[in-house]
Amino acid sequence: MTVGIVLQSSTSLVVVGVAVLASFGMAWALGASSNSPPFAPAVGANALPTMRAAFFIGVFAALGAVAQGGSISQTVGQDLIDGVSITPLAAAAALLTAAAFIAVGVRTGYPIPAAFATTGAVVGAGLSLGGAPAFDTYTRLASFWIAVPFVSATIAYGTATLLRRDDIPEEVGVPALAGLVGAILANVRLAVFPGPEGQGTLAGFVSRRVGSGPELVGGYDVVSVVVSLVFGAVVFLALRRRMQASVDAGIRGFLIGLGAVVAFSSGGSQVGLATGPIEPLFDSMGTPAVLLLGLGAVGILLGAWMGSPRLLQAVAREYSQLGVRRSIAALIPGFIIAQVAIALGIPISFNNIIISSVIGSGLAAGSAGTSMRKIGFTVVAWLVSLVGAGVVGFGLYWLLALVTGA
C-alpha cells in the first residue's frame, strides 16, 4: 500500500516536471521562431545588425510576456474546455503536440501558427480528459481569426497608400504613423499600471490621478483622450525633427522603434500559448501568475537569443525585397491587431497577420508580390494544424493516461 502511494506520488512529480519543461520548451520555440518578423525589416534595411536585433527581440518579447501575457494565458488554460481543469498530464500532451506541429511547419517551410496548433492541442487533450467543448469561446476565437486577414490587409493597404502619396511629404506621413502608434501605446494595458484584472493603461492611470472629467464615447474620458493625443504628438514631433535632419535616418529609427513595440506585443500575445496549459497547475498551488509568466518570458528570451538569428536573416531577406516603406505598412497592423487580441484575451498567429499585411501593402503597389499557390497551401496548413493538433492531442493524452495509469 505504502509502495503504491510512493510510486503514484513519484509519477505525479514526474508528470508535473514534464509539463513544466514542456511549457518552457514551448516558450523557447516561440522565442526562436515566432518573434523574428518585428525586427526583420530593420535588419533588411541594414539599420540593425542581426545579433543586436536578436538581443532586442528577446528583451522586448520577454518584457511583453510579463507585462501583457496574463489574459492569453487564462484563455488557453481555462476557457477552451468546460467541466474539467487541465491536468499536468493533459498540459504535457497538449504542449508536446503543439511543439511537434510547429517543428513540422519549420521543416516543411510552411510556418504552422502556434496559436492554432496550441488551441487545437489543448482542446483535444481536454476532450480526452473528459471535458466538454466551450462553444462560446470557439465562436469568439473563430470570428476574430477569420476577420484578422481582412482587417490586417486593409490596414496595410491604407498605410502603404499613405506612404506612396506624392502630395504628402515623408517628413509628415511617416511621423503621422508614428504618432498614431504612440497614441495607441498610451492605451495599451500593462501590468505596471493598476486596472481591471491587474492591468491598466498610461492614459487611464493619469486620468485617475488628476480626475477623469466628462466621459466621452466608448468609456473614454476627456483626460485619457488628451493624454493619448499628447503622447502621440510627442512621438510625431520627435520623429519629424529627426527626419528633417535626415529622412533615411528617421525612417530607420522608426523601423527599430516599431520593431520594438511589435516584438513587445508579440511576447504578450504568444507567451500564453506556452504558459496557458499549465496555468491551472500553478493556480492550484497558489503560485502568483507573474512567476508563471516569468518562466515563459525566460524561455522566450533564451529562444530569441539562441535560435532567432538564423531565421531573422531569412525573414530579413524577404523584407528587404519589400522595401522599407512597405515593411512599415506590413508591421503596423501586427502591432494594432496584437494589442486588440491581448485586450480580448484571444491567442493569435503573427504569421497570419504578417502574410495578410504583406499582401495588403503589395496591392497598394499594384501587385501583392506573393505566390497565390503558397498562400493556398499555407491556409490549408493552418486548418490542418488546428484540426490535426486536436486529434493528436486527444490521442496522445489517452495514450499517456493509459501508460501512467492517470
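General remarks:
- Residues that are buried (at least 17 other Cβ atoms within 10 Å of the Cβ) and of a type outside the set (A, V, I, L, M) within segment 148-170 comprise Pro149, Ser152, Tyr157, Thr159, listed in sequence order.
- When residues of segment 66-98 are limited to those that are within 19 Å of the chain's Cα centre (by Cα) and open to solvent by 40 Å² or more (accessible area, probe 1.4 Å), the one farthest from Gly345 (Cα to Cα): Val66
- Single residue of segment 126-135 satisfying the filter (farther than 18 Å from Leu89 by Cα and touching a helix residue (DSSP H, G or I) at 6+ places or on another chain (Cβ under 9 Å)) that is most open to solvent (accessible area, probe 1.4 Å): Pro133
- Among the residues making up segment 224-279, those that are among the small types (Gly, Ala, Ser), assigned to a helix (DSSP H, G or I) and over 30 Å from Ala29 (Cα atoms) are Ser224, Ser228, Gly232, Ala233, Ala238, Ala245, Ala249, Gly250.
- Those residues of segment 284-294 which are open to solvent by 10 Å² or more (accessible area, probe 1.4 Å) and touching a Ser or Thr at 6+ places or on another chain (Cβ under 7 Å), in sequence order: Leu293
- Cβ pairs under 8 Å, 6+ apart, first in segment 332-358 and on the phi > 0 side of the Ramachandran plot, second open to solvent by 10 Å² or more (accessible area, probe 1.4 Å): Gly345/Ser71; Gly345/Gln74; Gly345/Asp79
- For Ala54, the criteria (1) within 24 Å of Val18 (Cα to Cα); (2) surrounded by 18 or more Cβ atoms within 10 Å (Cβ to Cβ); (3) touching a Pro at 6+ places or on another chain (Cβ under 7 Å) hold in every case but one, which is (1).
- Within segment 126-142, residues that are closer than 14 Å to Gln78 by Cβ have Cβ atoms under 8 Å from residues that are open to solvent by 40 Å² or more (accessible area, probe 1.4 Å) and of a type in the set (Ser, Thr, Tyr) in these pairs: Leu129/Thr87, counting only partners at least 6 apart in sequence or on another chain.
- Residue in segment 28-40 that is modelled with pLDDT of 85 or more, in contact with a helix residue (DSSP H, G or I) (Cβ under 8 Å, 6 or more places away or on another chain) and not β-branched (Val, Ile, Thr) present: yes
The values are calculated or read from the model by the stated rules, or taken from the named source; none is laboratory data. Quantities reported herein were computed from a predicted structural model and do not represent experimental measurements. Neighbour counts are summed over all protein chains in view; Cβ atoms, including those assigned to glycine, are modelled from backbone coordinates with ideal geometry. Heavy atoms of the whole protein, side chains included, go into the accessibility calculation; ligands, DNA and RNA do not. Shrake-Rupley method; radii C 1.70, N 1.55, O 1.52, S 1.80 Å.
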